[in-house]
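Structure first, then comments.
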């Protein structure tokens, strides 16, 4: 880049900086991920190169030429608790308050593919999300919500195909054609082995199920985002920003490879792959990460995979503010943290956003804290002016240099992963798990030694805090849900159910696409646990070697 | 003999960042740590602790199932006559529940924001002899 400052002035500044008194508090100046940060960036930190515009390959400045002038990001608050009846009530409340899309949080038994009456579901039903055992629960969950008019995101992975089938069956009942149904399925099994650990089957059949759903949607549900390739859980498990970026995109490439192996054409499925990132508290590093993600994906899809359709090159992503950055101490501060994190996501050009509620470090949010979280987004959108200019930090010496650094670090990781033989071999060798555990421990040690400060936790503490009013999940609801699933089993047409289950079992052992079989089973009110049981019979269970 | 601790994730929750960081810190502090891995039932945890001759069980829960699963471990210890094994825990657990869990026999709960040194100090205080043993 052309250096524009006055001759000699850089040397003068360097001299002034070097000889001036500086803070000596032992606090890290590197990013939260450990990337060294200089006190000043100038045009010398930029590469020579053509200036880029938004909506233009490789989309560093955004995938839309209009940015948020065209359309604001989708305000999509992740929500779900207790039973379908109660969560349905919360959805109506959020929609009434200006939320523009739904996002379903399922409880642990649902996430792990088991019914509410399974012995190991005891104590877990409805706690960290809503319990959905069968189509009957899904019907209740979307009661009075026209699924042809809103989009819904579902955070579900191992059993994703089943929950998608249930949603499609609800659409069918509402008279909405599949090609009018829009939404997103997380369906990202690779990051489960890497970070969140909600795996059930071994990687190979898991990948088959993912590809089945991608292939099915490409043909039947073209407005559906089939996989939300997720860095969020990788980051929350303790990775650095660069690791989040690298591992997530590596997972993305692995899904592309798997679909190509199936014989699909890149431009038939790549436009429907979307991403999900964390917005952590290190403001500029996060912005750089989002910008780098778009650029890397675009380059690989076009140059490495030969995609022709620009939609395949465009990385669209959802962001959630960082749960791990929230503190139980002085929890009101979490509103401020979340606002800053959300702002970084907006300045990074996120396409949709979830802002955490201040009490999520203790429990699921109350109506009030959920509303404050949503209002925080509205405040950024309508009061701050952040949405008025496209990629407002584009051209910032610091942000551009950091964006390049993120890209370089991600590329270095891709090489390492390739050398191991790809994502699945790297999972099986514990590569990601160890990288993440090391980073988590390093970060915690920095907190312990006060080289990093968490306000209210290791500095600026207060004695005697007021307790927050938190949401309590009524534990008696568990019994009700147990009875409900038993009632569904007793009431359904058992001959029809039995036929669909037999066909599903056969299909699991064949190479047929499983989606139509799962849909049939769901329509016959087969429960999630029953369908997963059939698949486990065919494919077995996965266990990881626990490493500390 | 250094203090032997079984660290475990009970229930369906797979969030293992906390348990792994704490396990590593306890190991670095000179304790012997056995990490069971994910998705343990209360029975499995108690059996592991007895088999490993552990004096302490450390449980981590982030799924909201703590009021069912932590007491289930305490009950199972009683049922197997091993109530001398101390139970402590950590995770997304609100204050009100901490009070109740302590009443049920849990030695301590470390909520979000707890320091690693705090946990090490707590164990050293409870087990002065074992904790003093060289690593």
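Laboratory data are not the source of any read-out in this text; all were calculated from the coordinates shown. Predicted model, so just to flag it, every value in this text is computed and none were measured. Note that we place each Cβ from the backbone using ideal geometry, even for glycine, and neighbour counts take in every protein chain shown.
Extending each Cα 7 Å along its Cβ direction at residue A:438 and residue A:486, get the distance between those two points in nm, one decimal. Label-label distance for residue A:438 and residue A:486, simple model: 5.2 nm. When the Debye formula is applied to the Cα atoms of the protein assembly as shown, each taken as the same point scatterer, what base-10 log of I(q)/I(0) results at q = 0.06, 0.11 Å⁻¹? Here the Debye-derived log intensity ratios amount to -0.34, -1.18.
Can you give the FRET efficiency for residue B:52 and residue A:541, using 1/(1 + (r/R0)^6), R0 = 25 Å, r = Cβ-Cβ distance, to the nearest 0.05?
Numbers: r = 24 Å, r/R0 = 0.98.
It comes out at approximately 0.55.
The angle separating the long axis of helix A:528-539 from the principal Cα axis of greatest extent in chain A is about 80 degrees. Between residue A:340 and residue A:11, the simple label model (points 7 Å from Cα in the Cβ direction) yields a spacing of 3.8 nm. A Förster radius of 60 Å combined with the Cβ-Cβ distance from residue A:48 to residue B:43 puts the calculated FRET efficiency at roughly 0.40. The mean number of Cβ atoms from other chains found within 10 Å of a Cβ in peptide A:118-128 is 5, as a whole number.
Nearest 5 is fine: what % of DSSP beta bridges in the protein assembly as shown come out antiparallel, could you say? Can you show the working numbers first?
Numbers: 0 of 47 bridges.
The antiparallel proportion sits near 0 percent.
What residue among B:71, B:112, B:42 shows peak mean-square fluctuation when chain B is described by a Gaussian network model with Cα springs under 10 Å? Judging by the Gaussian network model, the answer is B:112.
Separation of the range B:62-135 from the range A:376-439 is 37 Å, based on Cα centroids. As a calculated quantity, the FRET efficiency between residue A:375 and residue A:464 at R0 = 30 Å, using C-beta atoms, amounts to about 0.55. Note: relative contact order over the range B:4-125, using C-alpha pairs below 8 Å and six or more positions apart, is 26 percent. Short-range pairs are left out: with C-alpha atoms under 8 Å and at least six residues apart, the relative contact order of chain A is 19 percent. Taking every alpha-carbon pair under 8 Å whose residues sit at least 6 apart, the range A:71-118 reaches a relative contact order of 43 percent. Angle of helix A:283-299 to the longest C-alpha principal axis of chain A, folded into 0 to 90 degrees and rounded to 10: 70°. With the simple spin-label model, which puts each label point 7 Å out from Cα in the Cβ direction, the residue A:149 to residue A:311 separation comes to 2.5 nm. Any chance you could give the angle, 0 to 90 degrees and rounded to 10, that helix A:160-173 forms with the longest Cα principal axis of chain A? The helix A:160-173 is inclined about 60 degrees to chain A. Here the range B:4-125 is treated as an ellipsoid with the same Cα gyration tensor; its semi-axes, largest first and in whole Å, are 18, 17, 14. When chain B is treated as a GNM with alpha-carbon contacts under 10 Å, the residue of B:21, B:73, B:87 showing the greatest mean-square fluctuation is B:21. Result for chain B in a Gaussian network model with C-alpha springs under 10 Å: among B:118, B:55, B:40, the largest mean-square fluctuation is at B:118.
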